[in-house]
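This report concerns only the one structure given below.
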Amino acid sequence: MMLMINGKTKITGLIGDPVEHTISPHMHNAGFSYFNLNYVYVSFQVKKENLQAAIIGAKSLDIKGLNVTIPHKIDVMKFLDTIDTTAEHIGAVNTIKLDDEIKGFNTDGLGAIRAIEELSAVKNKKIVILGAGGASRAISFQAVLSKAGRVIIANRTIDKALKLTDNLKNNLDADAMAMGLGDKLKKELLDTDILINTTPIGMYPNINQKPLVTSDMMHEGLIVNDVIYNPLETELLKEAHKAGAKAISGIKMLIYQGIESFKIWTGREPPLKVFEDAIEEELNEIS
Ligand code: NAP
């Protein structure tokens, strides 16, 4: 169904820089059509120096909700009235609801955990996360909040992994450990249940880059989630198939974080298939 824009249309959108390649408008507008809600989702390119003005302007224009992407996820927090506890732990916001107050949330971690939980609950599972940047922070905090067992952060720069595991232990009393990317990783993976890549290795245009973990380091019972969604099947996920492990594309995380944002703004949960079809349609158009 086509969206009909009129005097009562409520506006939601994305702020970031750049934003022109985002596929979020396709998902959210398909969700609004599905529920016959008079909302629209658009993208706004916002330069760093204009971030505060953008938030004040959004409130003045009665914009109902915003997603936040690179480079604003951390800086935007100082311009919000309140921040939900999970976002506070993560230290970054990807969703804003504008009401009487402006409240920030983070749905990235939940997006990844929901994608994994299509296959298996994370409760009591041993999880290894490659990378210690923004995506790793969001996913590791949510994993602990979802009652994961041991969480291991393996990162090129060990100090960053240590900082993250200290935060996980101090804030959530997590069973967390930091390590580098050397030989010990192979041993650690022997009894790991879930492996999540949050590094950009293998992302377009470097799609042939060798993954940090290869099939000889995996086992059949392992679930491998790559947060990269371009390409849909990364080299890491090909290695997972080779090992007989289960593979999850980053597109699922993108979809579920979007579903969680949609719920925050509208109180309704769009069916997974509505968002999946919208993305497939868009990707077919691009290719
Ligand atoms: P980030 O904050 O820059 O962190 C990147 C991490 O990857 C760092 O820990 C970095 O290690 C590591 N890394 C980068 N290049 C590496 C290399 N060549 N070898 C080893 N480690 C390397 O980035 P981010 O915001 O977490 O995003 C990471 C990825 O997640 C991006 O590809 C992004 O598109 C994707 N993502 C996907 C979704 C989704 O919805 N599917 C959502 C968010 C992000 P050092 O600490 O040593 O530098």
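The values are calculated or read from the model by the stated rules, or taken from the named source; none is laboratory data. Keep in mind that what you see is a predicted model, and the values were worked out from it rather than measured. Positions of Cβ are backbone-derived with ideal geometry, glycine not excepted, and every protein chain shown enters the neighbour counts. For the accessible areas, the whole protein counts, side chains as well, though only heavy atoms, and no ligand, DNA or RNA atoms are used. Shrake-Rupley method; radii C 1.70, N 1.55, O 1.52, S 1.80 Å.
Residues to consider are Leu212, Leu181, Leu185; find the one that is touching a strand residue (DSSP E or B) at 6+ places or on another chain (Cβ under 6 Å), within 13 Å of the ligand (Cβ to nearest atom), farther than 17 Å from Ser249 by Cα and open to solvent by 30 Å² or more (accessible area, probe 1.4 Å).
Sole residue among the options that is touching a strand residue (DSSP E or B) at 6+ places or on another chain (Cβ under 6 Å), within 13 Å of the ligand (Cβ to nearest atom), farther than 17 Å from Ser249 by Cα and open to solvent by 30 Å² or more (accessible area, probe 1.4 Å): Leu181.
Find all pairs meeting these conditions: Cβ atoms under 6 angstrom apart; at least six residues apart or on different chains; first residue within segment 138-155 and more than 19 Å from Thr95 (Cβ to Cβ); second residue modelled with pLDDT of 95 or more and among the basic types (Lys, Arg).
So the pair list comes out as Lys147/Lys123; Ala148/Lys125; Gly149/Lys125; Gly149/Lys126; Arg150/Lys126.
Looking only at segment 65-87, count how many residues are farther than 20 Å from Ser136 by Cβ and either more than 18 Å from the chain's Cα centre (by Cα) or in a helix (DSSP H, G or I) (or both).
Residues that pass the stated criteria total 5.
What helices (runs of 4 or more DSSP H), lying completely within segment 197-287, carry at least 2 residues that are in contact (Cβ under 8 Å) with a residue 40 or more places away in the chain and of a type in the set (A, V, I, L, M)?
250-266, 272-286
Within the bounds of segment 178-198, is there any residue that is touching a Ser or Thr at 6+ places or on another chain (Cβ under 8 Å) and farther than 24 Å from Glu220 by Cα?
yes
Just the residues that are within 14 Å of the ligand (Cβ to nearest atom) and open to solvent by 10 Å² or more (accessible area, probe 1.4 Å), please, taken from segment 215-227.
If the condition is that a residue be within 14 Å of the ligand (Cβ to nearest atom) and open to solvent by 10 Å² or more (accessible area, probe 1.4 Å), then Val227 is the only one that fits.
Looking at (1) charged (D, E, K, R); (2) over 26 Å from Leu272 (Cβ atoms); (3) open to solvent by 70 Å² or more (accessible area, probe 1.4 Å); (4) touching a residue at least 40 places away in the same chain (Cβ under 8 Å), can you tell me which one Glu118 breaks?
It is condition (2) that Glu118 fails.
For Ile129, all conditions in the list (1) hydrophobic (A, V, I, L, M, F, W, C); (2) under 30 Å from His21 (Cα atoms); (3) away from the ligand (no atom under 12 Å from the Cβ) hold save one; what is the number of the exception?
Here Ile129 clears every test but (3).
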